[in-house]
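Participant: Here's a structure for you.
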Ligand SMILES: [Zn+2]
């Protein structure tokens, strides 16, 4: 595979313009799957976490992602509760 050398595959930090964010492989809210879904990167300078491909904020995604898991958990608990009568 031929690849063009790049300084960074990610877009610069939208807050402080740092061109070299660090890839985030694991987070408290999404384990190892969540960060992958949004190409999560973290700026070493201002600690901002954002989408490394688009530069978009991930706070909304985190809210939805965590919310979905909480909802799933509640559904499972409810099903178990009602299944036992
Ligand atoms: Zn930054």
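The values are calculated or read from the model by the stated rules, or taken from the named source; none is laboratory data. Since the model is a prediction, treat every value here as computed from it, not as a measurement. FYI the Cβ positions are ideal-geometry reconstructions off the backbone, even for glycines, and counts take in every protein chain you see.
Participant: Looking at this structure, is residue 11 crowded, with 16+ Cβ neighbours inside 10 Å, in a loop (DSSP other than H, G, I, E, B) and within 16 Å of the ligand (Cβ to nearest atom)? It would help to see each step written out before you state the result.
Facilitator: Details: crowded, with 16+ Cβ neighbours inside 10 Å: yes; in a loop (DSSP other than H, G, I, E, B): yes; within 16 Å of the ligand (Cβ to nearest atom): yes.
The answer is yes for residue 11.
Participant: Can we say residue 50 is in contact with a helix residue (DSSP H, G or I) (Cβ under 7 Å, 6 or more places away or on another chain) and surrounded by 16 or more Cβ atoms within 10 Å (Cβ to Cβ)? Full working, then the answer.
Facilitator: Details: in contact with a helix residue (DSSP H, G or I) (Cβ under 7 Å, 6 or more places away or on another chain): no; surrounded by 16 or more Cβ atoms within 10 Å (Cβ to Cβ): yes.
No, not satisfied.
Participant: Please find, within the range 15-39, the residue that is nearest to the ligand (Cβ to nearest atom) out of those that are crowded, with 17+ Cβ neighbours inside 10 Å, part of a loop (DSSP other than H, G, I, E, B) and at pLDDT 95 or above.
Facilitator: Checked the range 15-39; the qualifying residue nearest to the ligand (Cβ to nearest atom) is 21.
Participant: Let me ask you something else. Scan the range 40-66 for residues that are under 8 Å from the mean Cα position of the chain (by Cα) and either part of a helix (DSSP H, G or I) or away from the ligand (no atom under 16 Å from the Cβ) (or both) and jot them down.
Facilitator: 61, 62
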